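The values are calculated or read from the model by the stated rules, or taken from the named source; none is laboratory data. Note that this is a predicted model, so its numbers are computed, not measured. Every residue, glycine as well, gets a Cβ built from its backbone with ideal geometry; the counts of neighbours run over all protein chains shown.
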Amino acid sequence: MTEVASMDVVLPRLADTLVEGTVVRWFKQPGDSVRKGEPLFEVETEKVSTEVEAPADGVLIEICVPAGETVPVGDVLARLESAATATPASVKTHAEAPEAMPTTARGGGLSTMRRRIAERVQEARATIPQGACVRQLDLASFTRRDLGWTTYFVKATALAAGVSNVGVAVDVPTGLVVPVVRNADQLPLDDLSSRVRGLVESAREGRLTVEDVVGAQFTVTNVGAIGTLMAFPLVRPGEPGILAPGAVRGGSCFVTLCYDRRAMDDFEADRLLARVEEGMLSLA
């Protein structure tokens, strides 16, 4: 077993866009032995809650950031020392890890995820010249089998936009997460449906990893799942557009494409939405 003489445990950059995180809980107390690779603490970010592993073997001698605190990437959260050098005197118990604390105490009652979503919304409004177009799709003769509408719209979007990785917006108690369906353009519908369903379940059960939520090339948000007829969601920074299918009523639904005008002009967006419609009808 390889131990370190001493080491600072910092908040790692779990994704390229991560700037801060909230410590949800500590799995060890000061004075406990830790092994490299075992869960040390849980952190909530704008994208996902995840367990972070101990970077080395040793003894946890100090917790610098208690559960419930939000800190920037790179801040020191705790300190480790080797078992050979750690003594009772070196263990600082004044910041022992409390039980998991709600992460809504800061930011006006918002969780870390919702605060970052609000910041990203402001960023999107300020920096993205957004356009939108709407079509009414006739789905009266559509044979849906046992698959959800989201599966079909993800497939049609991937094919129409010429992308492989499509994000699917999922509402969870702490905010909105967007797990990514990879190879959506290539997967058969049944496999795609299973992938979407699995990601949605993981999102709502808090089991998403960072890898599950990065790399989207386009996003689909099925606002119709809760009965909304039409919506104009903001384009996510770094993506060319977001598709928002509304609720199916009387055999038809409105589908909105919101897009970054730096990525496509109005005519290109209209043609893209037309290809989505054509793709949906081809999947019927």
Residue within segment 21-36 that is of a type in the set (Val, Ile, Thr), assigned to a strand (DSSP E or B) and over 30 Å from Ala169 (Cα atoms) present: yes
Number of positions in segment 258-283 that are farther than 16 Å from Lys155 by Cβ and surrounded by 21 or more Cβ atoms within 10 Å (Cβ to Cβ): 4
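Would you mind finding the one in Arg144, Arg207 that is closer than 21 Å to Met230 by Cβ, in a loop (DSSP other than H, G, I, E, B) and not β-branched (Val, Ile, Thr)? Before the answer, list the steps.
Details: Arg207 fails: closer than 21 Å to Met230 by Cβ.
Only one candidate qualifies: Arg144.
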Some residue of segment 254-268 being polar (S, T, N, Q) and touching a helix residue (DSSP H, G or I) at 6+ places or on another chain (Cβ under 8 Å): no
Single match in Val65, Val34, Val10, Val23 (criterion: under 30 Å from Leu234 (Cβ atoms) and modelled with pLDDT of 90 or more): Val23
Enumeration of residues in segment 43-70 that are of a type in the set (Asp, Glu) and closer than 23 Å to Pro88 by Cβ: Asp57, Glu62
Matching residues in segment 147-178 - criterion: being part of a loop (DSSP other than H, G, I, E, B), touching a residue at least 24 places away in the same chain (Cβ under 8 Å) and within 24 Å of Gly238 (Cβ to Cβ): Val163, Ser164, Asn165, Ala169, Thr174, Val178
Residue ID - surrounded by the most Cβ atoms within 10 Å (Cβ to Cβ), chosen from residues in segment 76-95 that are at pLDDT below 90 and of a type in the set (A, V, I, L, M, F, W, C): Ala86
Scope segment 225-284; condition assigned to a loop (DSSP other than H, G, I, E, B), in contact (Cβ under 8 Å) with a residue 60 or more places away in the chain and of a type in the set (Val, Ile, Thr); matching residues: Val235, Val248
Residue that is farthest from Glu20 (Cα to Cα) [pool: residues in segment 65-87 that are assigned to a loop (DSSP other than H, G, I, E, B) and aliphatic (A, V, I, L, M)]: Ala84
Test result for Glu46, touching a residue at least 24 places away in the same chain (Cβ under 8 Å) and assigned to a loop (DSSP other than H, G, I, E, B): yes
Matching entry among Val73, Val19, Val34 (being touching a residue at least 24 places away in the same chain (Cβ under 8 Å) and either surrounded by 19 or more Cβ atoms within 10 Å (Cβ to Cβ) or among the acidic types (Asp, Glu) (or both)): Val34
Odd one out for Glu51 among (1) surrounded by fewer than 20 Cβ atoms within 10 Å (Cβ to Cβ); (2) in a loop (DSSP other than H, G, I, E, B): (2)
Options Ala284, Ala269, Ala274, Ala263: the member that is under 17 Å from Thr150 (Cβ atoms) and of a type in the set (Gly, Ala, Ser): Ala284
Residues within segment 169-203 that are under 15 Å from the mean Cα position of the chain (by Cα), at pLDDT 90 or above and over 17 Å from Arg120 (Cβ atoms), tallied: 9
Index of the failed condition, Thr228 passing every other in (1) under 13 Å from the mean Cα position of the chain (by Cα); (2) surrounded by fewer than 22 Cβ atoms within 10 Å (Cβ to Cβ); (3) not basic (Lys, Arg): (1)
Among residues of segment 201-224, those that are surrounded by 19 or more Cβ atoms within 10 Å (Cβ to Cβ) and without any contact (Cβ under 8 Å) to a residue 40 or more places away in the chain, counted: 2
Answer from Thr174, Thr221, Thr209 - the residue that is of a type in the set (Val, Ile, Thr) and more than 22 Å from Thr50 (Cβ to Cβ): Thr221
Any hit, segment 186-193, residues being touching a residue at least 60 places away in the same chain (Cβ under 8 Å) and either surrounded by 23 or more Cβ atoms within 10 Å (Cβ to Cβ) or among the small types (Gly, Ala, Ser) (or both): no
